[in-house]
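Chemist: Let me begin by handing over the structure; questions about it come next.
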Amino acid sequence: MCGIVGYIGNQKAHPILIKGLLNLEYRGYDSAGIAVIDNGNICVKKDKGRVENLLNIEGINDLKGTIGIAHTRWATHGKPSKENSHPHSDNSKNFAVVHNGIIENYNELREFLKNKGYNFISQTDTEIIPNLIHYYYSQNPKTNTEIDFLKAVKSAVDDLKGSYAIQVICKDYPDEIIVVRKDSPLVIGKGNGENFIASDIPAVLSYTKDFYLLDDNEYGVIYRNVVHFFDSSLLEHNKAIKTIDWDSSSAEKCGFEDYMLKEIYEQPTAIRETVSSYLRIEEKCNFESLNFTKEYLSKIDKIYIIACGTAMHAGLVGKSAIEKLCRIPVTVDIASEFRYRDPIVDSNTLCIFISQSGETADTIAALKLSKSFGAKTLAISNVIGSSITREADYTIYTHAGPEIAVASTKAYTSQVVLMNILAIYFAEILEKSNKNDLDNLKREIFDLPSKIEKTLDDSEEIKDFAKKVYTQKDMFFIGRGMDYNTSLEGSLKLKEISYIHSEAYPAGELKHGPIALIENGVTVIGVLTDEHLTQKSISNLQEVITRGARTLVITNQVLTNINFDYVINIPCTNPLLSSIIAIVPLQLFSYYISKFKGLDVDKPRNLAKSVTVE
Ligand code: M6R
């Protein structure tokens, strides 16, 4: 999705803006652009294609301006083209604007402005914003008095319906940038005599670790030495700074060929960090930000876990853990479905939202809806201060560090481990599970990082199998129970980065239809980690072998008399945790297939890291 960067200071703005945009490439985009106030004029340089292309645009290296805004666009209204790229200007070239989000009433506003004599060059919804600001700036139609930059921006924003994070510069105000947001993230990084603006913290993490996290409907007026904050009525207020503990090298590749590979290998550390924040063997689990009591949890008659994509798959594991340890019924729902299904939610429902980015539009909307029904809401996110954490009643964090690759890996395993710890926390409060069982599960959790390290040692075997099958068109993943959850996530990884069609099925379901698709040479991947279900899944794998399938099996069981083409052995663990280990070979499998196909692993086509539109 679109990315925003801004700079005001004493250095030349354009190299900082371009570096910031390069740091945001992982979000997915089709065009890029910058606007700098240079010699009293707003200079816009933009085009479709890669951020690097900006460096070849005539005159860009001559820019000396120290204030500017920048954007990477992921097309929604209008195809990728120079005209549709941001920044957009008003007709008089007095303002330049970059915008993330969608303006729902842009047609109406465009007609209004056209009737006032404004012309439009692009097909975007964004282009109405600078023109609307100009309209209010040039005359205040209500009082016929002149209004200043901030008031003009506010008057324009008051007319907008939809979601937005907006940055505006004005030729007449060469020492300030105005920002405002609603349902789309924006942060301001505080420097020394300079300030940075970004849609995502990693964009400017190499300059500062101190951030102001802009709230919905809040305005920031950013100067070199100071930032002023205003509410939606333009009443000024103070705002606290948050210091982010991410290391700037954690947002770099550090010798790995791709971010995805680096993040796969970071999983032992990500899990160690997450576990050590909340889990002690001899003590009860402790979440400082939660104050759930036995009385409250006993009243809860159901739990919803709501998320999208990989985070939803982590939710499926969370459901098994909570139901097993606490005996509370849990429903897992996809956020975009939940919000429109008229869900049965009331004050006796606990709603848990999982989101790596904390900015997923559907998940945030589902959270707001649950709150409106009186449910308590708990967010699980990887990004401190992200939008979802500011909406929820409670928040707990995974400590995976920044995840840059579009395909989620370390966030998934950290979410799964955190869901297990949360289930233990509930069970300890409710006194539902046997203490020995909980202690054993805790020990298994502490052992996970070394078991993942052992699994990563077998990457060559996976690479070997990937080489044999990377030209295939279709693949199937099967498993039962927890292994089905792992199969769903393995299949999503493969689709996303290798563009191979794949499906995940509960192994016992194949014969009810999908087995018709099995023919000579089709690859079927079986996940077998539950000793009670292994023999049953083996029978299902035999059914596909009989029909000519090539098989890869990921297992922690000792298999005898087998006729699978490849077997990857992984360490044993508690079944509630098995997905954390079994997913690792599947992540590597997708990674190597993508590499053999020569694809862009970190930035797969059509996808974005944070999905901030519905
Ligand atoms: O940031 P979120 O966890 O809310 O993102 C949810 C999904 O968009 C995300 O998990 C997506 O499915 C990933 N690309 C999967 O690898």
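The values are calculated or read from the model by the stated rules, or taken from the named source; none is laboratory data. In this text the structure is predicted, and so the values were computed from the model without any measurement. Glycine gets a Cβ as well: all are built from the backbone with ideal geometry, and neighbour counts include every protein chain shown. When the accessible area is computed, the model is the full protein with side chains, heavy atoms only, and any ligands, DNA or RNA have been set aside. Shrake-Rupley method; radii C 1.70, N 1.55, O 1.52, S 1.80 Å.
Chemist: Report, in degrees rounded to the nearest 10, the 0 to 90 angle that the Cα long axis of helix 106-115 makes with the longest principal axis of the chain.
Modeler: The answer is roughly 10 degrees.
Chemist: May I ask which of LYS46/LYS171; LYS253/LYS468; LYS454/LYS597; LYS46/LYS151; LYS319/LYS432; LYS64/LYS171 have a Cα-Cα span longer than 20 Å here?
Modeler: Working: LYS46/LYS171 18 Å; LYS253/LYS468 28 Å; LYS454/LYS597 27 Å; LYS46/LYS151 28 Å; LYS319/LYS432 16 Å; LYS64/LYS171 15 Å.
Exceeds cut-off: LYS253/LYS468; LYS454/LYS597; LYS46/LYS151.
Chemist: Rounded to the nearest 10 degrees, what's the angle between the helix 435-456 long axis and the longest principal axis of the chain, both from Cα atoms, 0 to 90?
Modeler: For 435-456 against the chain, the angle is about 70 degrees.
Chemist: Starting from 0 in steps of 5 Å, tell me what percent of the Cα-Cα pairs of the stretch 310-457 lands in each bin.
Modeler: 2, 10, 18, 21, 21, 14, 9, 4, 1, 0
Chemist: Continuing with this model, one more query. Would you mind putting 110-121, 259-270 in packing order, based on average other-beta-carbon counts within 10 Å, highest first?
Modeler: 259-270, 110-121
Chemist: To one decimal place, what Kirkwood hydrodynamic radius in Å is obtained for the stretch 530-614 from all pairs of distinct Cα atoms? The partial results should precede the final answer.
Modeler: Values: mean 1/r = 0.0643 Å⁻¹.
Computed over Cα pairs of the stretch 530-614, the Kirkwood hydrodynamic radius comes out at 15.6 Å.
Chemist: To the nearest 10 degrees, how steep is helix 482-498 against the longest Cα principal axis of the chain, on a 0 to 90 scale?
Modeler: The two axes meet at around 50 degrees.
Chemist: Another question, then. Direction-averaged shadow area of the convex hull around the Cα atoms of the chain, nm²?
Modeler: Details: hull surface 114.2 nm².
Seen from a random direction, the Cα hull of the chain projects 28.6 nm² on average.
Chemist: Next up: So how exposed is TYR136, as accessible area in Å² (1.4 Å probe, rounded to 10)?
Modeler: For TYR136, the solvent-accessible surface is approximately 20 Å².
Chemist: Now a separate question. Could you order peptides 195-201, 46-52 by the average number of other Cβ atoms within 10 Å of their residues, highest first?
Modeler: 195-201, 46-52
Chemist: Take the solvent-accessible surface of the protein heavy atoms, probe 1.4 Å, and return the percent of it on the chain that carbon and sulfur atoms account for.
Modeler: Ligands and nucleic acids excluded, carbon and sulfur reach 46 percent.
Chemist: Still on this structure, I have one more. In whole angstrom, how long is each semi-axis of the equivalent ellipsoid of the stretch 51-182, when you take the square root of 5 times every eigenvalue of its Cα gyration tensor and sort them from largest down?
Modeler: Whole-Å semi-axes of the equivalent ellipsoid: 24, 19, 13.
Chemist: For the stretch 151-163, in order, what is each residue's ³J(HN,Hα) by Karplus, 6.51 cos²θ - 1.76 cosθ + 1.60 with θ = phi - 60°, in whole Hz (x at glycine and Pro)?
Modeler: These are the phi-based 3J(HN,Hα) values: 5, 5, 4, 4, 4, 5, 4, 4, 7, 7, 10, x, 10 Hz.
Chemist: Quick one: which residues, 5+ away or cross-chain, put their amide H under 5 Å from the amide H of VAL332? H built at 1.01 Å from N.
Modeler: ILE305
Chemist: Okay, next question. Under a 5 Å amide H to amide H cut-off, with H placed in plane at 1.01 Å, what residues pair with ALA400 once short-range neighbours are removed?
Modeler: Excluding prolines and chain starts, which carry no amide H, there are no hits.
Chemist: So what is the calculated 222 nm ellipticity per residue for the chain, using -39500 (n - 2.57) for each DSSP H run with n of 4 or more, over all residues, to the nearest 500 deg cm²/dmol?
Modeler: Counting only the DSSP helices, I get -10500 deg cm²/dmol.
Chemist: Go through the stretch 258-275 residue by residue and turn each phi into a ³J(HN,Hα) via Karplus (6.51, -1.76, 1.60, θ = phi - 60°); whole Hz please, and just put x for glycine and proline.
Modeler: Rounded to whole hertz, the list is 9, 4, 4, 5, 4, 6, 4, 6, 7, 4, x, 5, 4, 6, 4, 4, 5, 5.
Chemist: Further question: Could you provide, to the nearest whole Å², the per residue accessible area of the chain with probe 1.4 Å?
Modeler: So the chain comes to 38 Å² accessible per residue, rounded to a whole number.
Chemist: Another question, then. Quick one: compute the contact order of the chain, relative version, from alpha carbon pairs under 8 angstrom and 6+ residues apart, as a percent. Each step should come with its number before you reach the end.
Modeler: Working: 1363 pairs, mean separation 74.4, N = 614.
Relative contact order here is 12 percent.
Chemist: Moving on to the next point. Just to check I understand the Karplus step: with θ = phi - 60° and J = 6.51 cos²θ - 1.76 cosθ + 1.60, what whole-Hz values come out for the stretch 373-378, glycine and proline as x?
Modeler: After applying 6.51 cos²θ - 1.76 cosθ + 1.60, I find 8, x, 6, 7, 10, 10 Hz.
Chemist: Continuing with the same structure: For the stretch 65-116 and the stretch 444-484, write down the distance between their C-alpha centroids in whole Å.
Modeler: Going from one Cα centre to the other spans 45 Å.
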